[in-house]
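Presented below is the structure to which this report refers.
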Amino acid sequence: MADNVSLPSLAHAATPNTLVGTAYVNLRRDIIEGKHPPGSRLRVEHLKDDYGVGAGTLREALALLVSDALVTSHGQRGFHVTPISLHDFRDITENRVLLETEALRQSIELGDDDWESRVLAAFHRLGKAEQRLAGDPTAGFEEWERRNREFHRELISACPSRWMHHFLGILYQQAERYRRLTITRRPIARDLHDEHRSIVDATLARDAQAACALLASHIRLTYEAVAHLPPELFSPTPQSGTDT
């Protein structure tokens, strides 16, 4: 098993029990959930009261979100939520396919019995979350997102490349806003549990060609779902302005 292979939910080590870390976590959650829509302006003078912190603390939290590529900062134009676009998600999707299928191929070649057990356990937990997600996609998303991340992490955990895991963690994180939209809005019909089960079956059968093809199709299907979302969800690039 590779060292330090987790797919991180955060791109850096922001500590939630500090003022900056707490503001960062809360802001990030609200951006992912769409409370601050893509392309919208993040005015420090307003948000500092909403999040109960000073302007300096909030700017530090926003700077962390800039490093996550969830927020943009352009001098006097201030901070804005990074827009979402089909072009951007296509780029994320194809790079994830490229790296994650190779990581799965290596895991199938190198994985042992313990790796197989971890994959099965993660799949079982994901299946439970998928059942709850079917009942209430909005309320069930956070658990499903956590279990889905865990499943994909364990699937490729026997890949020995630390850098491959690092870059996949970034790509997985960048896809979260898009993934949430497809899960909560369901723009196309799909059976996530069946998709995951097919990947697991081919993986445990050590059929790398089939497993990688199924994984690639699974990842790309989320792009297809995003492509069926209403166009108004995709925001234009922020216009110039000032912020304090």
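The values are calculated or read from the model by the stated rules, or taken from the named source; none is laboratory data. The structure displayed is predicted, hence computed values, not measured ones. Please note: Cβ atoms are built from the backbone with ideal geometry, for glycine as well, and neighbour counts cover all protein chains shown. Quick note on the areas: whole protein, heavy atoms, side chains included, nothing else; ligands and nucleic acids left out. Shrake-Rupley method; radii C 1.70, N 1.55, O 1.52, S 1.80 Å.
When you restrict to C-alpha pairs under 8 Å that are six or more residues apart and normalise by the size of the chain, the relative contact order lands at 32 percent.
Between PHE79 and LEU42, the built amide H atoms are under 5 Å apart, and every one of these is 5 or more places off in sequence or on another chain. When you restrict to C-alpha pairs under 8 Å that are six or more residues apart and normalise by the size of segment 19-81, the relative contact order lands at 42 percent. Relative to the longest principal axis of the Cα atoms of the chain, helix 208-227 runs at roughly 30 degrees. Helix 137-155 against the longest principal axis of the chain: what's the angle in degrees, Cα atoms only, rounded to the nearest 10? Long axis of 137-155 versus the principal axis of the chain: about 50 degrees. Atom-type composition of the exposed protein surface of segment 132-233 places 52 percent of the accessible area on carbon and sulfur (1.4 angstrom probe).
Take every Cα pair under 8 Å whose residues are at least 6 apart in sequence, average their separation, divide by the length of segment 86-228, and the relative contact order is 42 percent. 3J(HN,Hα) couplings calculated from phi for segment 119-132 with the Karplus curve 6.51 cos²θ - 1.76 cosθ + 1.60 (θ = phi - 60°) are, in sequence order, 4, 5, 5, 5, 5, 4, 5, 5, x, 4, 5, 5, 5, 5 Hz; Gly and Pro show x. Between helix 162-174 and the chain there is an angle of about 60 degrees, using the helix long axis and the longest principal axis of the Cα atoms. When a/c reaches 1.5 or more, the comparison of a/b and b/c decides; with that in mind, is segment 19-81 rounded, prolate or oblate per its Cα gyration tensor? Rounded, because the longest to shortest axis ratio a/c is under 1.5. Taking every protein chain into account, the accessible area of the chain amounts to 48 square angstrom per residue (probe 1.4 Å).
Measure off, as a whole percent, the carbon and sulfur share of the 1.4 Å-probe accessible area of segment 19-81, all protein chains present. Taking all protein chains in place, segment 19-81 shows 52 percent carbon and sulfur surface.
Proximity of backbone amide H atoms, modeled 1.01 Å from N, is registered between SER157 and no other residue at under 5 Å, excluding neighbours fewer than 5 places apart on the same chain. With a Förster radius of 30 Å, plug the Cβ-Cβ distance of THR18 and ASP49 into 1/(1 + (r/R0)^6) and report the FRET value to the nearest 0.05. It comes out at approximately 0.95.
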